[in-house]
1. Do any trypsin sites (Lys or Arg not before Pro) in segment B:602-696 lie in a loop, going by DSSP, with at most 13 other beta-carbon atoms within 10 Å of their beta carbon, and if so which?
2. Obtain the radius of gyration and the Kirkwood radius of segment B:591-730 from its C-alpha atoms and give Rg over Rh.
3. For peptide A:69-76, what's the mean number of Cβ atoms from other chains within 10 Å of each residue's Cβ?
4. Run lengths n ≥ 4 of DSSP H only: what is the helix-derived mean residue ellipticity at 222 nm for chain B, with -39500 (n - 2.57) per run over all residues, to the nearest 500?
5. Would you mind working out the magnitude of the charge dipole of chain B relative to its Cα centre, with +1 at each Lys and Arg C-beta and -1 at each Asp and Glu C-beta, to the nearest 20 Debye?
6. For A:I48, B:I459, what ranking results if the residue with the fewest other Cβ atoms within 10 Å of its Cβ goes first?
7. Determine the gain in length on full extension of the stretch B:I780-B:F640; use 0.36 nm per residue of separation and subtract their C-alpha separation, reporting nm with one decimal.
8. May I ask for the longest run of chain B untouched by GluC sites (Glu not before Pro) that are loop-located per DSSP and have at most 13 neighbouring C-beta atoms (other than their own) within 10 Å?
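Bear in mind that the values in this text are calculations on the coordinates, not laboratory data. None of these values were measured; they are calculated from a predicted model. All Cβ positions, glycine included, derive from the backbone under ideal geometry; neighbour counts span all protein chains shown.
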Amino acid sequence: MKINDVILRTVVKGVVFIILTLGVYLFFSGHNAPGGGFIGGLVLGSGIVLLYITYDLETIQSKMPFDFKKVAALGVLLATGSAIGSLYFNAPFLTQTDGYFNIPILGEKHLSTVTIFEAGVALTVIGTLVTIILSISEDE
Amino acid sequence: MTVDIAIILIPFIMAAFIPIFYRQLSKRLIGWFVLVIPVSLFLLLTTYIPRVSSGQTLSNTYEWIPSFNINFTTYIDGLSLIFSLLITGVGSLVILYSIFYLSKKESLHHFYCYLLLFMGAMLGVVFSDHLMVLYAFWELTSVSSFLLIAFWHHRKASRAGARKSMTITVSGGVAMLVGFLMLYVMSGTFSIREIIANIDRISDHTLFVPALILVLLGAFTKSAQFPFHIWLPDAMEAPTPVSAYLHSATMVKAGIYLVARFTPVFGGEIVWFWAVTGVGLITLFWGSFNAVKQVDLKALLAFSTVSQLGLIMSLLGLGSVAIHLGYSSETVIYTQAAFAAIFHLVNHSTFKGALFMMVGIVDHEIGTRDIRRLGGLIRILPLTFTVALIGSFSMAGLPPFNGFLSKEMFFTATLKITELDIFSLDSMGVLIPVVAWVASIFTFVYCLIIVGQTFFGKISPDILEKNPHEAPIGMLISPFILIGFVVGIFFFPNLLGHYILQPAMASIYPTFPSTEEMTPHISAWHGLNTELYMTIGVVLIGVTLYFLLKRWKPIYRIFPQKLSFNVLYERVIGFGENFSERATKRYMTGSLTHYFIYIYMAFVIIAAGVFFMTDSFEWNTKNNAAVESFELILVFVMIFAAIAILFSNSRITTVLLNGVLGFSVAFFFVVFRAPDLALTQLVVESVTTALFLLCFKYLPDLKPEKSTKRVKFTNGVISLLVGATVSVIGLAVMNYDKFESISTYFEDAYNLAGGKNIVNTILGDFRAFDTMLEVVVLFIAGLGVYALIKLKAKKGDADIEN
């Protein structure tokens with residue numbers, strides 16, 4: 001039986017962009033406002049899962065040819081790597097630093113190394129979430 | 001970033017890169033690429049020789065977890081420099097050798113990756129001053145040894161040998177860890193140097209002798225001392241370069257390193273003296289005695305390694321007596337035993353490395369290592385014969401090779417010790433030179449077997465049929481460099497003694513004022529004394545025994561096979577497997593309900609128990625905020641949903657009710673102004689629902705459970721207990737004042753961590769360790785789900801294990 005899901009597909013096309021934008025926004029706002037790597041990753045991950053549910057696996061995989069296991073692995077590498085990185089600056093393990101930088105066009109911005117760590121968290125969450133859901137749904 | 005930490009890290013970094021980039025390299029090149037690392041590290045380490053030999057030590061501390069006093073302290077002194085030179089030097093030669101030894105069809109990237117992992121770990125062991133860091137590297141050497149022994153993992157014997165070595169060395173390592181913790185309890189520091197500096201404070205502690213024994217257990221298992229030596233012969237299933245590197249030159253000497261390093265700590269104890277000397281001598285004898293009966297050349301060399309390690313170990317034991325006696329111009333003579341130990345350690349690495357490479361060549365060119373099938377190879381492999389001859393005669397203690405010098409010093413040390421009248425040496429002491437002498441005779445016999453039965457006699461016709469020829473030049477370079485050292489050290493021993501061995505004496509005897517005094521002048525000719533007569537006796541009796549080998553070999557059958565240590569090991573392991581299987585089956589029933597019962601009971605007993613025992617169940621409502629009416633409504637909604645789940649009879653209803661619970665909790669987060677938590681909760685709820693929907697198609701219809709009244713009652717009681725525990729603790733915790741509040745940190749988050757969002761500063765900064773490890777756990781869990789689903793064995797599939 002073929003389900004007629006034209007409405008779902010149409011809605012998702014628009015909504016996914018909002019969800020993904022929200023995910024990215026949450027990720028970056030985490031420093032001083034609600035958000036952060038974990039929640040940003042969760043939102044992004046659930047957006048991707050929504051795409052997989054609405055369309056079929058093959059369509060999405062041809063448009064997004066990522067191996068989500070590797071995405072998760074990259075996340076772990078970023079998180080642990082940024083932790084080890086501080087050793088190279090004669091600071092204890094997991095030390096993070098931040099500062100204000102004047103960037104052309106954008107103006108003065110607050111940048112922090114913890115963003116790298118949080119990016120690792122986010123990527124791991126996305127990768128693991130999608131990997132688990134995909135492997136369960138692909139199971140025969 | 002300074003050089004010394006880079007020395008440890010570079011092998012690891014390279015090991016991490018190999019699996020990523022090996023596809024870009026041709027199989028021929030990968031070995032040469034790897035070779036660059038140990039060669040450059042070796043050259044770099046040689047630049048330390050002038051500084052260290054002038055008495056300097058270099059130390060650097062890198063803070064790791066300063067709040068727990070765990071730091072990465074590198075420490076380079078004479079002792080660690082010798083070991084690091086051996087690790088990188090022999091490592092370079094072994095990698096050069098394996099480029100030609102291993103076929104290009106092997107999975108070379110694994111091999112070199114493990115080898116570099118080992119090299120880094122071993123350098124970490126000898127350069128670490130912090131006991132915990134040393135321990136971590138120590139176990140990493142066991143792990144990399146495991147991987148290398150099981151390199152040909154399709155062979156059952158390889159896997160068994162790998163497991164055996166891992167089981168024995170890691171158990172010893174755990175014992176050593178307990179010993180280290182005891183040392184920490186006694187001294188309050190993890191730094192070896194600080195422990196040595198404060199030795200007077202701890203030597204009367206009741207834990208001192210237990211710590212000594214536990215540390216020795218670690219050293220004895222690693223260095224294959226009697227009765228733990230049984231793993232080493234089985235480890236010979238590894239490729240020959242690995243045997244030459246790990247199982248003769250470096251890893252098995254880690255135990256020696258540990259004993260030498262801890263001599264200043266424990267050296268004055270009678271237990272230490274007799275344990276190290278006694279076990280060393282027994283190992284020396286037992287190893288050489290058993291080597292004679294072996295028919296596999298590698299097994300023979302394995303037993304010979306066991307025996308030689310025993311020799312070095314016993315020398316360190318003999319040398320520890322000088323610590324007990326304290327410094328004076330008469331006692332300094334006893335330090336020569338330790339000097340001989342380090343000297344023999346270097347010598348052993350040269351000749352045994354060469355011999356292993358020789359066996360590798362024989363195996364590679366002829367196709368067998370069984371001495372019953374070998375013979376007459378001198379005509380086919382003349383260059384290899386040279387290696388075998390020089391290596392064996394050095395091991396047998398004959399001039400003009402370096403083994404002669406250290407063997408003579410060994411005899412001197414055993415004779416000297418009998419003159420003492422402490423440690424009941426006046427009665428037992430005479431046994432020491434006797435055992436040493438008898439063991440040397442057997443050593444001489446098996447050295448003759450290596451040369452005689454492989455290279456002399458008749459060539460068997462099936463070997464000639466294959467038309468074998470001498471090994472390629474690449475395989476001969478490394479053993480020839482090593483035998484070059486064997487001969488070179490004989491002629492210039494004092495060069496080595498003065499520049500490399502002398503600074504190590506300062507590490508073993510830090511309280512002794514002058515290393516000059518402790519460095520004897522080594523000379524090949526030392527007059528007609530007892531030592532020389534002993535050597536002449538060894539040669540005469542050894543040659544006689546070799547020619548009468550067939551007559552007396554039956555004595556090996558006196559020992560019944562059933563009583564060997566291997567059988568004991570198999571029994572213990574078999575019993576352990578059976579026992580744990582039965583015990584595990586008893587509680588791993590496969591029923592989720594049971595598992596939940598374990599978890600909840602543990603939770604109730606521990607959490608409620610602690611509150612109960614410390615009498616913390618007191619609360620008052622004074623500090624609590626007023627309860628609003630809409631909060632009450634939410635609570636009733638949740639109660640209703642929770643109870644309704646129990647009576648639902650379709651899965652959809654259950655999931656929806658569960659969702660009601662989840663969203664109500666999210667509401668609470670909103671009400672209590674925790675937007676981060678509310679957001680997270682909402683998204684998690686959505687994802688969980690998606691997961692449930694996915695899983696539905698695999699689940700059978702929900703059927704009413706059939707369980708007895710008793711089971712239902714027990715489950716009900718447990719649920720009530722859990723609920724009560726959570727509620728009561730939630731209320732009581734408001735007035736809990738046993739610990740200081742840590743919220744001051746979070747309130748000052750912007751200054752301390754540079755962020756205004758407290759939740760995220762906790763996640764990313766204050767408790768970043770938790771977050772980092774949670775990320776890793778999450779990833780592992782994801783891989784676990786993937787592996788369970790994708791890689792499950794299909795019905796009727798072959799068992800991959802065998």
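1. Those satisfying the criteria are B:K622, B:R673.
2. Using Cα coordinates only, the ratio equals 1.00.
3. 3
4. -22000 deg cm²/dmol
5. 3340
6. Final ranking by Cβ density, sparse to dense: B:I459, A:I48.
7. My answer for the length gained is 46.7 nm.
8. Counting only loop sites that pass the neighbour cut-off, the longest clear stretch is B:1-329.
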